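The values are calculated or read from the model by the stated rules, or taken from the named source; none is laboratory data. Remember, it's a predicted structure, so these values are computed and weren't measured experimentally. A quick note on method: Cβ atoms are made from the backbone with ideal geometry, for glycine too, and the neighbour counts reach across all protein chains shown. Each accessible area value is taken on the protein alone, full model and side chains, heavy atoms only, with ligands, DNA and RNA left out. Shrake-Rupley method; radii C 1.70, N 1.55, O 1.52, S 1.80 Å.
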Amino acid sequence: MKIKTFQDILPMVERPSRYLGTETNSIKKDPNKVRLKVALAFPDLYEIGTSHFGLQILYHILNKHKEIAAERVYAPDVDMESYLRSSHMPLVSMESHKPLKSFDIIGFSLLYELNYTNVLTMLDLSGIPFFSSERDGLFPLIIAGGPCTCNPEPVADFFDVMVVGDGEKVIVDISKAWLTWKEDGSEDKGVLLKQLSLIKGVYVPAFFDLAGSSAGSKTFFQIPQPRFSDYKVIAREIIADLDTAPFPDAPIIPFGKPVHDRLRLEIARGCTRGCRFCQAGMIYRPVRERSVKKLLNLFDTSCDATGYEDLSLLSLSTADYSSIISLMNQLMSRCEPRHIAVSLPSLRAGTLTPELINIIKKVRKTGFTIAPEAGSQRLRDVINKNITEEEIVETVQDVFDLGWLVIKLYFMIGLPSETEEDLLAIVELVKKLRKIKTRSGRKGQINVSVATFIPKPHTPFQWAPQISLTESREKIERLRANLKIPGIRFKWQNPEVSMLEGLFARGDRRLSCLLVDAYKKGCKFDGWSDRFQYGLWEKAFFDQGLDVDRYTTRARDVTDRLPWDHIDTGVTKEFLKLEWEKAECGEHTPDCRRGDCNTCGVCDFKTIEPKVLQSGKDMVNERLYKKRGASDEEAGAYTMIRLFYSKQSHAKYFGHLELVNIFLRALRRAGISVKFTEGFHPMPKVSFEDALPIGMESLNESLSVVVCGSVKPNAVTTSLNKHLPKGLLVKDCQISSSKPDIKRQKSATYFVELKEGCFDKQKLNDFIKSPDFVKTRVNRKGKVKKIDFKDMVLKINLTEPSKMMISLRSEPGRTARPFEIIKEIFNLSEEIMKQATIIKQ
């Protein structure tokens, strides 16, 4: 089977909808009407990348500019990569399916060190050299941003430019500089890099040489040395006021099953709790809170534009938001009548009050995770995790008292100064929490997650050693053995994954060659447990002559020069040293938003300072807000409707569950209120008559929906079609008095056309003449079942050598699809059948 275009690959891969690029709220511009084309690249699977809201923010900002077109690209899964390579096709963008190499700028989001090999995969598939030094001005400008750039050195050789800090302003400044460079008619990359280096937050790795690389010298690391006297330190860019920062009010709604499949609102950025292990708490300072009014406006607009049934409030510590109760009450007045659940993914024990829990559960119970981090109070004091055991116990008790049955706890092993007593304290704390009973008198389920502590740059623990692989394995095994108790589930991160993350977190530029070697050996998707191949990494360590322990388990001295010292996050090294000293004494540092300034160095108190709301004063007049859809539901007026729709073109790649989500969210966006079931987890009253397999088209499918109030069928059809993606079309809407009887015996007729070749007439005749055609089918549980395909085929005939019509019987417990029947009758390969067009008539 010859593959000629990217579209030919789609039927061949798992989850083809992840490559369509036709999601609701995606933007596709005319390339002839823009001057700059930017590809926003995320080096992980679509389901992970679409869950990262930072990329959506940049997409929103860039596409607001008429002369800029921003598109997206994600790391292809291994099946797509294989087809691209075997077909000699390049990696393409989502929206236009244009090769990445044809873009002017490619911007990578670096959120996780174990995504680095995926960056190389994406460059390799695009025909772009890995190293910046091998690319001239004719190649796209390769840039990167995200938290990993606070130590850019392990991947610095791959990028022309790296952004340190908030990207909202920097990405626009970079784009303008590129446009000016182009206007001048220059193709000299050096000229462009010099202009870009003038932008705050921009690091140009080529403008730094390396020193101190001798293993026998005092400084083991390769230390970047500035080539220019006026470009020695890269200061982090900080957005001073989130209320003035652009934020997507019509975010893209991903297909499939993204990790975070919900509407997200960033309520605050930064945290000053001061946990000494936490890199995010240091590099995102100061705390900047969005106003309640701004958040409610964003919610109203975003909710209408997306139709999401879940809302998540984003922050490093959500319950620390000054007006959290006010915000939650006002959000719930909007969410409750619409059956929109609200979750707070980042919570601290002591901040999760019964009042807040009661607000959250008004629509649907969402999960709770608490991170004690350490089992003993002594060690929590060392890491400045300012919560007590009493607060942890009270929080878990409150959660169980208010109806929850499960809570998740997160701990770390290998924290600085950890002793055997600290490790056993984790066990004792978990056992104590396990004894707490729920409202029904039962003991709650405790899910425990444990990971090895990884020292990170720009934290007080950046000088600390990481524990060895052997020690990490032993500690995890001891915890696992001691927590093998009914009602406790124990999970842990692979210590080898933690070791690799630790290597790249505090590495230097020598690691770029290691990355290339590991990639060539087959390493990719290293953050995925089922794809991580530590054995290949060990071979790469050996071949590169790399001593991993020098980077990970060796303690640093506070006087050592570090590879990231030229990156200025705003937090001074003096403050980090002081916090390191306090940790050794177990001394507490208070949260500066509730007390005096701790002089960490971030704030200048002119433009950069904490922006914290005054609790209770940021109110909105709720009388101006109408509870849309509430009145009809409260009155108990409902109507059952049947929708008849076609599913063609790209829509054939939607699985049944994502099709359900697509319709439910389209109904919400269209303003059509759906009735929900009663109970702890209310569900919309929607039923689809047939669950079509991926790859099959249909001219006439139907679903039943119970809606609130009375509706006009023509208005429903018109409104829904405005909100459905390409390939889905509602043809008719009928008011129904009852649900259709989907259990009755039915038949369906299908049109089938082969993309290449013809159907074998002799095989068809053999099938028609045979008394039966019994085949064996094995279900997912391994159960073997025999089915007579002859009995299932009501009619079959060839209309042309490569086309046929086939009618199949369908009844409960005996259903067969044309794909498997035709494959068996004509002995066709799976590839040929996947490429075939199958349309249910």
Isotropically averaged projected area of the stretch 48-122, using the convex hull of Cα atoms (one quarter of hull area), nm²: 5.5
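Which whole-number percent is the relative contact order of the stretch 260-311 (Cα, under 8 Å, 6+ apart)? Numbers along the way, then the final one.
Values: 57 pairs, mean separation 23.7, N = 52.
So the answer I get is 46 percent.
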Separation of alpha-carbon centers, the stretch 548-573 and the stretch 776-841, rounded to whole Å: 63
Cα-derived Rg to Rh of the stretch 281-354, Kirkwood definition: 0.97
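Students sometimes get this wrong: rank Glu496, Glu538, Glu697 by accessible area, probe 1.4 Å, all chains present, largest first. Before the final figure, lay out each step's value.
On the way: Glu496 45, Glu538 95, Glu697 20 Å².
The ordering from most to least exposed comes out as Glu538, Glu496, Glu697.
Above 46 Å lies some portion of the pair distances; for the chain, what is it as a whole percent of all C-alpha pairs? Write down the numbers at each step before the final one.
Values: 109969 of 353220 pairs.
Of all Cα-Cα distances in the chain, 31 percent exceed 46 Å.
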Shape parameters for the stretch 409-479, alpha-carbon atoms, Rg then Dmax in Å: 15.0, 48
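Highest first, please rank the peptides 504-510, 833-839 by the mean number of other Cβ atoms sitting within 10 Å of their residues. Don't skip to the end; give the middle numbers.
Numbers: 504-510: 22.7, 833-839: 19.3.
Ranking, from highest mean packing down: 504-510, 833-839.
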Convex hull volume per residue for the stretch 1-156, taking Cα atoms only, in Å³: 119
Euclidean distance between Cα centres, the stretch 660-704 to the stretch 468-501, Å: 42
About the Cα centre, charge dipole magnitude for the stretch 300-414 (Lys/Arg +1, Asp/Glu -1 at Cβ), debye: 220
Residue (of Ala637, Pro455, Val287) at the positive-pole extreme of the chain, dipole from beta-carbon charges: Ala637
Dipole of the chain, positive end: most advanced residue of Gly350, Asn721, Leu123 [Cβ charges, Cα centre]: Asn721
Estimated 222 nm signal from helices in the chain, with DSSP H stretches of n ≥ 4 weighted -39500 (n - 2.57), rounded to 500: -9000 deg cm²/dmol
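For the peptides 780-787, 550-557, what is the packing order when you average, over each peptide's residues, the other Cβ atoms within 10 Å and list the highest mean first?
Ranking the peptides 780-787, 550-557 by packing returns 550-557, 780-787.
Placing +1 at every Lys and Arg Cβ and -1 at every Asp and Glu Cβ, with all other atoms neutral, what dipole size does the stretch 236-369 have around its Cα centre, in debye to the nearest 20? Present the calculation step by step, with values, prior to reporting the outcome.
On the way: 19 positive and 14 negative charges, 89 e Å.
The calculation lands at about 420 debye.
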P(r), alpha carbons of the stretch 297-336 - 10 Å bins starting at zero, rounded %: 24, 57, 18
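Mind ranking 31-44, 282-295 by how tightly packed they are, going by the mean number of other C-beta atoms within 10 angstrom, highest first?
Numbers: 31-44: 20.4, 282-295: 22.9.
Descending packing order for the listed peptides: 282-295, 31-44.
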Given charges at beta-carbon only (K, R positive; D, E negative), |dipole| of the chain in Debye: 3140
Against the rule of thumb 2.2 N^0.38 Å, how large the Cα Rg of the stretch 688-760 comes out: 1.44
With DNA, RNA and ligands ignored, accessible area of Asp596 (1.4 Å probe; Å², nearest 10): 130
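Among the DSSP beta bridges whose two residues both lie in the stretch 341-492, what percent are antiparallel, rounded to the nearest 5?
On the way: 1 of 17 bridges.
DSSP beta bridges in the stretch 341-492 are roughly 5 percent antiparallel.
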Separation of alpha-carbon centers, the stretch 59-128 and the stretch 337-398, rounded to whole Å: 38
Cut-off under 5 Å, modelled amide H: who pairs with Ile253 long-range: Thr24, Ser26
Given charges at Cβ of Lys, Arg, Asp, Glu: the chain dipole, positive-most of Cys523, Val774, His65: Val774
Whole-number percent relative contact order across the chain, with pairs defined as alpha carbons under 8 Å at least 6 apart: 12
Net charge contributed by nearby residues that have their C-beta within less than 12 Å of Phe158 (K/R +1, D/E -1): -3
4 °C / 1.567 mPa s Stokes-Einstein diffusion coefficient of the stretch 519-597, Kirkwood radius on C-alpha pairs, µm²/s: 77
Cα gyration tensor, the stretch 442-584 - rounded (a/c under 1.5), prolate or oblate: oblate
